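Everything below concerns the one structure shown next.
Where a number appears in this text, it was derived from the coordinates with a stated rule and is not lab data. Not measured: the values here are computed from a predicted model. Every residue, glycine as well, gets a Cβ built from its backbone with ideal geometry; the counts of neighbours run over all protein chains shown.
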Amino acid sequence: MRGDNHEQDSIFSYHSPADRVPMDHPLRLIKEMANRALKELSKDFSQMYAPTGRPSIPPEKMIRALLLQVLYSIRSERMLMEQLDYNLLFRWFVGLSMDEGVWDHSTFSKNRERLLNADIVRKFFERIREQAQKQGLLSDEHFTVDGTLIEAWASQKSFQPKEKEPKDPGESGRNLEVNFRDKPRSNKTHESTTDPDARLLKKSAGGEARLSYMGHVLMENRNGLVVDSVLTIGSGTAEREAALAMLEARGGTTRLTLGADKAYDVPEFVEDLRDIRVTPHVAQKREGSSIDARTVRHTGYVVSQRVRKRVEEVFGWMKTVGVHRKTRFRGARRVSLAFTFAATAYNLVRMRNIELCATSG
């Protein structure tokens, strides 16, 4: 018997959003790990707000919503709120009931400064890293470092001389014609009017120069998890300086090994590594390498060179899934916040996959 095409909505629902999420859904483990970290940050959240006044949107819900934005490659907070309004999976993950209204997308912009001032994203990253440490997922001795370019939210036309040139009286309108031919431009003489922190950079000698930032990660070699991340205003030495800063921040007296590509094969950097008890497992240049036979002859060097390529998986995930090939923010502080948050999301996904492999194997 054919059923009636009856579309009247039910007045009541007897199932919560959690009832509709499969028990083996990938987000369940991620939410458990995120909630443990957010619970430890409760005191930090309390210090962000005044003791009196109108109650705000819980910061825990906002951070879980931002996690969804990274995990599901959602381009903007406006689209995120649209999804959160009708997507039961998203409602369950954030912690909204069936009938609870969503907040306005501008709430993220208003609260982002709070997150920056309290350094919440960095603390959230560290709590997730501590969970990995307690589970024995992190190596204490073997690491890899690398950097990548993150395109700034600024056009090439915005890269203009710091000393303003006289304007052609015939020019009018907002989107003027610009001819860069035979006009040398450099970061010393020019600056972006849209994002002054961005720099004109290129990854390789024959590559195209774009307004960008540089993102750096320190990866442990056991499971490929990010143990530290930093964003810098790019320069010719930014990668090596960031690597030393992240290694020194780890502290400890145990001798470490550090894998890296040929860009790090510089005499000063290699000597700096040895001064802080780090063995440089850096890929050798064809000519004039600073890595000699006393390092290359060891089996550990060969292993580091093989494992170090996994750091590209981190950048690949952040740029494709995490929508971080080109940032949506302006200013080094905000871009840094987004970069660290993307690294945290990557760790959560990686830890979830490791746990599933352990239980199923």
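Observations, loosely collected:
- Note on the chain: antiparallel DSSP beta bridges, both residues inside, total approximately 70 percent of the bridges counted.
- Its relative contact order, with pairs defined as Cα atoms under 8 Å and 6+ residues apart, puts segment 17-118 at 34 percent.
- Filtered GluC sites (Glu not before Pro), segment 28-115: DSSP coil and at most 14 other beta carbons within 10 Å: Glu100
- The packing ranking of peptides 339-345, 185-191, highest mean first, is 339-345, 185-191, where packing means the average number of other beta carbon atoms within 10 angstrom of each residue.
- Computed lengthening from Thr52 to Leu88, 0.36 nm per intervening residue step minus Cα-Cα distance: 9.7 nm
- Among the GluC sites (Glu not before Pro) found in segment 218-312, those both in a DSSP coil and sparsely packed, with 16 or fewer other Cβ atoms within 10 Å of their Cβ, are Glu287.
- Count Lys and Arg as plus one, Asp and Glu as minus one, and take only other residues whose Cβ is under 12 Å from that of Glu191; the net charge is then +2.
- Normalised contact order of the chain, rounded percent, pairs of Cα under 8 Å and 6 or more residues apart: 20 percent
- Scaled radius of gyration (Cα, divided by 2.2 N^0.38 Å) that the chain gives: 1.17
- For GluC sites (Glu not before Pro), the sites in segment 116-167 that DSSP calls loop and that have at most 15 other Cβ atoms within 10 Å are Glu141, Glu163.
- Fully extended contour minus Cα-Cα distance, from Ser186 to Arg250, at 0.36 nm per residue: 19.5 nm
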